[in-house]
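Everything below concerns the one structure shown next.
The values are calculated or read from the model by the stated rules, or taken from the named source; none is laboratory data. These figures come from a predicted structure and were not determined experimentally. Heads up, the Cβs are rebuilt from the backbone with ideal geometry, glycines too, and the neighbour counts pull from every protein chain shown. Protein only, heavy atoms only, side chains kept; ligands, DNA and RNA dropped before computing areas. Shrake-Rupley method; radii C 1.70, N 1.55, O 1.52, S 1.80 Å.
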Amino acid sequence: MQTPIPISLYDLTREQLIRQLAEWGEPAFRARQIWHWLYQRLAGSIDEMTDLPRSLRDRLQQAYALSRMTVMAEQHSSDGWTRKWLFRLADGSEIETVLMEYDGLRRTACVSSQAGCAMGCSFCATGQMGFLRNLRSGEIVEQAVWVARALRAKANGHERLSNLVLMGMGEPFANYNNVMEAVHRLMTPESAGGFGLGARKITISTVGIVPGIRRFAEEAAQINLAVSLHAATDALRDQLVPINRRYPLHELVAATRDYLRKTNRRVSYEWALIDGVNDTVEQAKALVELVRETNAKAGVNLVHVNMIPLNPTGGYAGHASRRAHIQQFRDVLTRAGIPNTLRVRRGIDISAGCGQLKAEKMPARAAPEKQASG
Ligand code: SAH
Ligand code: SF4
């Protein structure tokens, strides 16, 4: 039998909270107070909400949890800039969350959208462990709040979370509604007592769930999109990213192009460089073609290629590309006028890098396409 997961205040939309309080006969301004405690004071418990009457606090406590995450481990990378937490959720499943700090004010939380992942990408530790369940919207929100709290504790309240990336465990578009609800909740402006994260500071990374990209194009918010491409021919992508068999490259490119036409926003194609596999000049040339097909208007470069040397994972034998090959690959893109960046690998010593997140207590791997709803 599965343990039921209690509802947290972080699962509620502002409207749901207002409705709940109205049902209890509480004045409307209490919603603002509670929201303020949740998203600005980052309260650790309902008891801390001391400007609420005792009776209301008791009622909240009976009906709702606050945090449902128990921290099982915290690791700091030797570079001092990356931290990773392993959390146990109320039903026993486990997820990981990463904080990446940069020079200046950028403080990025990398959050999970699912416990595990059903997409089965061969080179990804989360894919290697299989799928457990979708996270609730509140469980995604709680990760961001946790990181914000850790930053505040570290610097006497002077450090704030500035960016959020949905690049942790799981495929965000296979848990579309909860992910979008979570980011919208975190985008509630500070003036309304909210967390106040700007849409432009949020990036959702998808493995290429075409219906998800099409739906995302209809969203009004200016949230960034990253598409994990990794291969520019179907033959190779079928091997690396099995969901390609369901949504092959021509469909993926068409959906991304339509997204660009509609939004006029930049998109990045993500590329984990694997020695001798996808770092060849042939792949680079095929990628140039795909980027050209994707760019909505001739002469306007909305596609940006974001490369990262492969991070090692236990279940995949491939290695990061050699420096000379990376340079060669980039040169092909640069000569074709395609904006590209090479990401610095972060937190590798604590397995906090892209694609390295996993938890120990996971079931056997699920069939890759089971969770692929849009
Ligand atoms: N499921 C989503 C988001 C989570 S993965 C997606 O696949 O896009 C976040 C990013 O890490 C993706 O771009 C993914 O392709 C990349 N990644 C996965 N395994 C990796 C590895 N071993 N080394 C480098 N990047 C990896
Ligand atoms: Fe899932 Fe993304 Fe990993 Fe693929 S790369 S298995 S989609 S988390």
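Structure notes:
- For segment 77-85, the criterion of being under 27 Å from PRO4 (Cα atoms), touching an Asp or Glu at 6+ places or on another chain (Cβ under 8 Å) and not basic (Lys, Arg) is satisfied by at least one residue.
- When residues of segment 134-156 are limited to those that are in a loop (DSSP other than H, G, I, E, B) and in contact with a helix residue (DSSP H, G or I) (Cβ under 9 Å, 6 or more places away or on another chain), the one most open to solvent (accessible area, probe 1.4 Å): ARG136
- Test: LEU236 is in the same structural domain as MET167 (by TED's automatic domain parsing), at pLDDT 95 or above and open to solvent by less than 10 Å² (accessible area, probe 1.4 Å): no
- Per-region count, segment 328-374, residues in a loop (DSSP other than H, G, I, E, B), more than 14 Å from ligand 1 (Cβ to nearest atom), buried (at least 18 other Cβ atoms within 10 Å of the Cβ) and at pLDDT 85 or above: 1
- Meets criteria (of a type outside the set (Asp, Glu), part of a helix (DSSP H, G or I) and on the phi < 0 side of the Ramachandran plot) for ALA286: yes
- Residues in segment 74-120 that are within 21 Å of ARG345 (Cα to Cα) and of a type in the set (Lys, Arg): ARG83, LYS84, ARG106, ARG107.
- Every residue from segment 240-259 that is away from ligand 1 (no atom under 14 Å from the Cβ) and outside any loop (DSSP other than H, G, I, E, B): ARG245, LEU249, HIS250, GLU251, VAL253, ALA254, ALA255, ARG257, ASP258, TYR259
- Checking ALA125 against (1) within 11 Å of ligand 2 (Cβ to nearest atom); (2) open to solvent by 40 Å² or more (accessible area, probe 1.4 Å), the condition it does not meet: (2)
- Restricting segment 6-49 to residues that are crowded, with 17+ Cβ neighbours inside 10 Å and acidic (Asp, Glu), the residue that is farthest from ARG68 (Cα to Cα): GLU26
- Flag for ALA118 being away from ligand 1 (no atom under 16 Å from the Cβ) and either open to solvent by less than 30 Å² (accessible area, probe 1.4 Å) or assigned to a loop (DSSP other than H, G, I, E, B) (or both): no
- For segment 209-239, a residue qualifies if it is within 14 Å of the chain's Cα centre (by Cα) and either part of a helix (DSSP H, G or I) or within 21 Å of ARG292 (Cβ to Cβ) (or both), and the qualifying residues are LEU225, ALA226, VAL227, SER228.
- Scan of segment 166-198 for residues that are of a type in the set (A, V, I, L, M, F, W, C) and either closer than 14 Å to SER137 by Cβ or open to solvent by less than 20 Å² (accessible area, probe 1.4 Å) (or both), ordered by number: LEU166, MET169, PHE173, ALA174, VAL179, MET180, ALA182, VAL183, LEU186, MET187, PHE195, LEU197
- The one condition in (1) open to solvent by 20 Å² or more (accessible area, probe 1.4 Å); (2) touching a Pro at 6+ places or on another chain (Cβ under 8 Å) that VAL305 fails to fulfil: (1)
- Condition check for SER113: within 16 Å of ligand 2 (Cβ to nearest atom), open to solvent by 10 Å² or more (accessible area, probe 1.4 Å), in contact (Cβ under 8 Å) with a residue 60 or more places away in the chain and of a type outside the set (Asp, Glu): no
- All positions within segment 327-359 that are out of contact with any helix residue (DSSP H, G or I) (no Cβ under 9 Å at 6 or more places or on another chain) and acidic (Asp, Glu): ASP349
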